[in-house]
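Below is one structure, written out as structure tokens, with a few remarks after it.
FYI, it's all coordinate maths here, none of it is from the lab. As the structure is a computational prediction, the values presented were derived from the model and not from experiment. Every residue, glycine among them, receives a Cβ derived from its backbone with ideal geometry; neighbour counts consider all protein chains shown.
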Amino acid sequence: MADGRAHEARPISGSRGTERSQARRAELLATGRTLFADTSYDALSMDDIARSAGVAKGLIYYYFTSKRGYYLAVIEDAVAELVLRATSCRELPRAERVQRTVESYLRYAQQNQAAYRTVVTGGVGHDAQVLAIRDRLREQLLSVVAEGSWGPTRIPPLARAALVGWLSSVEGVTLDWLARGQELSPEVLCGLLTRTLQGTLEIVARFESTLPPPRAGRREPLPAQAAAGAVQGSA
């Protein structure tokens, strides 16, 4: 039976075999995201994981080497999806790009709450490797927001510090939003976060003459404010 499992796990030569191998690996990652969402890392054994995935335990070892390797791969997969969502709007005008990035970020956090918490908080016991994954995620998001705000340019230290502060606040606000049952709608929260980013960019422009402030114009009310105004106007 061991030989059969090894043969099943070994990718078949050719593109068909590669596709099958990738699909099987993706299925195992999807199972892991569900399992780690409901159960702590220490409480799950490789037997539990294999049973939930409906595969032989050797197949998981084949793809991921160990339970820890599997856990880290699940987190990497979650981060890759978040980055893909956040960077999927590069063809939009810069102002719209930043808003879409925030919208995608919140949508991901809402739909993948356990994975989001794991990545942002550093995993089991502030795992050093998970923290490294989180740091890479932050760098990618900072680059997306900076390019959407100022275009391709070198980010001065002061501007970087300001964006790091804003992104840290986004993480804290999002974690609180999830913990409190999403009392605010995603639209209102997105409006709040993009408004605070605009304020951050205005402050940066005062100190960095090479970086333009956001385009001047009338600030649209947050969705909740707009709704309240409509009710008052009809009264």
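When the convex hull of the Cα atoms of region 77-218 is projected onto a plane and the area is averaged over all directions, what value comes out in nm²?
Values: hull surface 35.2 nm².
So the Cα hull casts an average projection of 8.8 nm².
Going by C-beta contacts inside 10 Å, put Val119, Val55 in order with the fewest on the left. Mind showing how you got there, number by number?
Values: Val119 23, Val55 20.
Starting with the residue having the fewest Cβ neighbours, the order is Val55, Val119.
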Q.
Sort Ser149, Ser209, Ser143 by Cβ crowding within 10 Å, fewest neighbours at the top.
A. Ser209, Ser143, Ser149
Q: Calculate, for Ala114 and Leu84, the FRET efficiency according to 1/(1 + (r/R0)^6) with r their C-beta to C-beta distance and R0 22 Å; round to the nearest 0.05.
A: 0.75
(Q) Only sites in a loop by DSSP and with at most 13 other Cβ atoms within 10 Å count here; which GluC sites (Glu not before Pro) in region 71-175 make the cut? (A) Glu91
**Q.** Cα centroid of region 76-120 to Cα centroid of region 157-212, whole Å
**A.** 14
Q: Would you mind calculating the relative contact order of region 13-87 from Cα pairs under 8 angstrom and at least 6 residues apart, reporting the percent as a whole number?
A: 32
Q | Phe207 versus Thr18: modelled label distance in nm, points set 7 Å from Cα along the beta carbon direction | A | 4.8
Q | Inter-label distance, nm, simple model (7 Å from Cα along the C-beta direction), Ala179/Thr34 | A | 2.9
Q | Label zone at Glu96 (point 7 Å along Cα-to-Cβ), backbone N below 19 Å, region 146-177 | A | 146-152
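Evaluate the relative contact order of region 49-139 (contact order divided by residue number), counting alpha-carbon pairs under 8 angstrom at least 6 apart; express in whole percent.
Values: 57 pairs, mean separation 21.0, N = 91.
Averaging sequence separation for qualifying contacts and normalising by length gives 23 percent for region 49-139.
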